[in-house]
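Q: Sharing a structure with you now.
The values are calculated or read from the model by the stated rules, or taken from the named source; none is laboratory data. Being a predicted model, the structure only gives us computed values, none of them experimental. Heads up, the Cβs are rebuilt from the backbone with ideal geometry, glycines too, and the neighbour counts pull from every protein chain shown. Surface accessibility is based on the protein's heavy atoms, side chains included, excluding ligands, DNA and RNA. Shrake-Rupley method; radii C 1.70, N 1.55, O 1.52, S 1.80 Å.
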Amino acid sequence: MNFNNVAIESLAYALPDEVWTSADVEAKLAPMYERLRLPEGRLELMTGIKERRFWPAGSRASEASAKAGEAVLAQSSFDRSEIDLLIHSAVCRDRLEPATAAYVHGLLKLPGKTQIFDVSNACLGFLNAMVVAASMIESGQIERALIVSGENGRPLVENTLQQLLQPELTRQSIKPYFANLTIGAGAVGAVLCRKDLVQGTCPLLTAAVVETDSSANQLCQGDSAGDALEMLTDSEELLVAGIGVATRAWARFVATTGWSAETPDRVITHQVGKAHSRELFKALGLDLEKDYTTFETLGNVGSVSCPITLARAIEEGAFRAGQKTALLGIGSGLSSLMMAVEWPQHD
């Protein structure tokens with residue numbers, strides 16, 4: 001997929017105030033750690049995640065998405081009355097029906113002309129939504145789109161903590177729950193538009209490719225359990241399968257864009273942890289010095305992770321005008337979506 005007319009006009013995020021360090025999480029699991037004789041500091045040591053954040057108990061995905069929506073609209077040069085399309089793209093949603101986008105639309109007081117729907121594809125949802133919106137802009141169906149995602153891992157993590165304190169669990173049987181302890185919460189929003197509507201210069205979405213391996217769809221599975229959430233992950237096999245699908249996606253990305261491993265000035269991936277980043281960069285032949293990460297302080301925030309990391313990179317000057325960045329997304333299922341983003345120099 002190639003795009004000639006799509007700009008990322010603005011990008012912003014919202015974060016919860018409540019912080020849980022990895023030490024805090026381990027303290028809640030002290031009986032299990034003592035019973036199984038697990039060393040303290042194991043969680044941060046294995047993942048590189050020092051802390052993560054959570055919304056208050058009872059928070060809804062739409063509320064988080066609306067916070068990010070307000071933040072990005074405040075940054076945008078467009079009025080909310082000009083938004084043609086709203087996509088809510090989180091794993092989390094308020095309920096099965098209606099679309100969570102309906103609640104976000106109401107909270108943001110968007111106009112009646114704004115088309116709304118949800119896009120859900122595990123941690124890839126936001127990037128998938130960008131492709132959908134970009135395609136509609138490129139084809140002339142719309143001029144401006146607002147994409148939001150609000151993830152809340154609190155119910156999953158709290159339920160996991162309860163499950164891990166069951167006395168019958170062993171060192172082996174706790175493994176499928178371990179990835180849950182890396183999950184955090186946050187929200188992100190982006191305004192995409194036809195590039196000739198932009199005042200000044202901003203990043204342009206120029207290409208995207210996908211690669212899917214549904215034979216690995218059983219390696220990470222989550223579901224609701226009453227008011228709680230459950231997820232089981234074969235972390236070791238998921239890493240192997242994920243690197244495989246990403247390697248094939250990268251080959252397609254290179255063929256589509258004409259880029260090489262040396263081309264991007266910055267590389268931004270889905271934020272899982274240090275082991276995943278190290279193995280991914282090694283497999284693709286990328287320079288780890290080009291990596292920009294947020295997992296250390298945000299954990300894995302699902303569909304929010306990749307775009308919020310891009311937003312932070314822009315905010316901190318790690319990605320700026322005159323540079324190119326590769327967004328390397330991956331989601332359970334498995335599917336990888338890679339994007340080329342180029343930021344023209346100022347006039």
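Q: Checking L43 against (1) of a type outside the set (D, E, K, R); (2) within 22 Å of Q163 (Cα to Cα); (3) out of contact with any Ser or Thr (no Cβ under 8 Å at 6 or more places or on another chain), which test does it fail?
A: Failing condition for L43: (3).
Q: Additional query: In the stretch 123-153, how many residues are closer than 21 Å to A179 by Cα and open to solvent by 30 Å² or more (accessible area, probe 1.4 Å)?
A: 1
Q: Does any residue of the stretch 74-85 turn out to be within 27 Å of I147 (Cβ to Cβ) and part of a strand (DSSP E or B)?
A: The answer is yes, given that some residue of the stretch 74-85 is within 27 Å of I147 (Cβ to Cβ) and part of a strand (DSSP E or B).
Q: Scanning the stretch 316-347 for residues that are of a type in the set (A, V, I, L, M, F, W, C), touching a helix residue (DSSP H, G or I) at 6+ places or on another chain (Cβ under 7 Å) and assigned to a loop (DSSP other than H, G, I, E, B), which turns out farthest from S215 (Cα to Cα)?
A: F319
Q: Just name the residue that is farthest from L29 (Cα to Cα) out of those in the stretch 40-59 that are in contact (Cβ under 8 Å) with a residue 60 or more places away in the chain and open to solvent by 20 Å² or more (accessible area, probe 1.4 Å).
A: Of everything passing the filter in the stretch 40-59, S59 is farthest from L29 (Cα to Cα).
Q: Here's another thing I want to ask about it. Quick one: A246 ticks every box in (1) surrounded by 22 or more Cβ atoms within 10 Å (Cβ to Cβ); (2) of a type in the set (A, V, I, L, M, F, W, C); (3) farther than 24 Å from M46 by Cα except a single one, so which number is it?
A: (3)
Q: Same structure again: Looking only at the stretch 249-267, which residues are in a helix (DSSP H, G or I), touching a strand residue (DSSP E or B) at 6+ places or on another chain (Cβ under 6 Å) and buried (at least 17 other Cβ atoms within 10 Å of the Cβ)?
A: A249, F253, T257
Q: Further, regarding this structure: List every residue pair whose Cβ atoms sit under 6 Å apart, with the two residues 6 or more apart in sequence or on different chains, where the first one lies in the stretch 143-155 and is within 21 Å of L110 (Cβ to Cβ) and the second, anywhere, is open to solvent by 10 Å² or more (accessible area, probe 1.4 Å) and aromatic (F, W, Y).
A: R144/F78
Q: If the Cβ limit is 7 Å and pairs must be 6+ apart or interchain, which residue in the stretch 174-188 that is over 16 Å from L38 (Cβ atoms) and open to solvent by less than 20 Å² (accessible area, probe 1.4 Å) pairs with which residue that is of a type in the set (K, R) and in a strand (DSSP E or B)?
A: G184/R52; G184/R53; A185/R53; G186/R53
Q: Looking for something part of a strand (DSSP E or B) and either within 24 Å of the chain's Cα centre (by Cα) or among the aliphatic types (A, V, I, L, M) (or both) - is there at least one such residue anywhere in the stretch 165-177?
A: no
Q: Still on this model: Before we move on, is D84 acidic (D, E) and more than 16 Å from I8 (Cα to Cα)? Reasoning before the result, please.
A: Details: acidic (D, E): yes; more than 16 Å from I8 (Cα to Cα): no.
Here the answer is no, as D84 does not meet what is asked.
Q: Still on this model: Every residue in the stretch 312-331 that is open to solvent by 10 Å² or more (accessible area, probe 1.4 Å) and farther than 18 Å from V91 by Cα, please. Step through it out loud before you land on a result.
A: Applying the first criterion (open to solvent by 10 Å² or more (accessible area, probe 1.4 Å)) to the stretch 312-331 yields 312, 314-318, 320-324, 330.
Selection gives R312, I314, E315, E316, G317, A318, R320, A321, G322, Q323, K324.
Q: Determine which single condition H270 fails, assuming it passes every other condition in (1) under 25 Å from L181 (Cβ atoms); (2) open to solvent by 50 Å² or more (accessible area, probe 1.4 Å).
A: The number of the failed condition is (2).
Q: Would you confirm whether any residue within the stretch 276-296 is open to solvent by less than 50 Å² (accessible area, probe 1.4 Å), aliphatic (A, V, I, L, M) and under 13 Å from the mean Cα position of the chain (by Cα)?
A: Checked the stretch 276-296: no residue is open to solvent by less than 50 Å² (accessible area, probe 1.4 Å), aliphatic (A, V, I, L, M) and under 13 Å from the mean Cα position of the chain (by Cα).
Q: To continue, here is another question. Can you say whether D234 is at pLDDT 95 or above and either open to solvent by 20 Å² or more (accessible area, probe 1.4 Å) or not basic (K, R) (or both), as far as the supplied structure shows? Give the steps one after another, and end with the answer.
A: Numbers: at pLDDT 95 or above: no; either open to solvent by 20 Å² or more (accessible area, probe 1.4 Å) or not basic (K, R) (or both): yes.
Taking the combined requirement at face value, the residue does not satisfy it.
Q: Of everything in the stretch 80-106 that's touching a residue at least 24 places away in the same chain (Cβ under 8 Å) and farther than 18 Å from N152 by Cα, which residue is surrounded by the fewest Cβ atoms within 10 Å (Cβ to Cβ)?
A: S81
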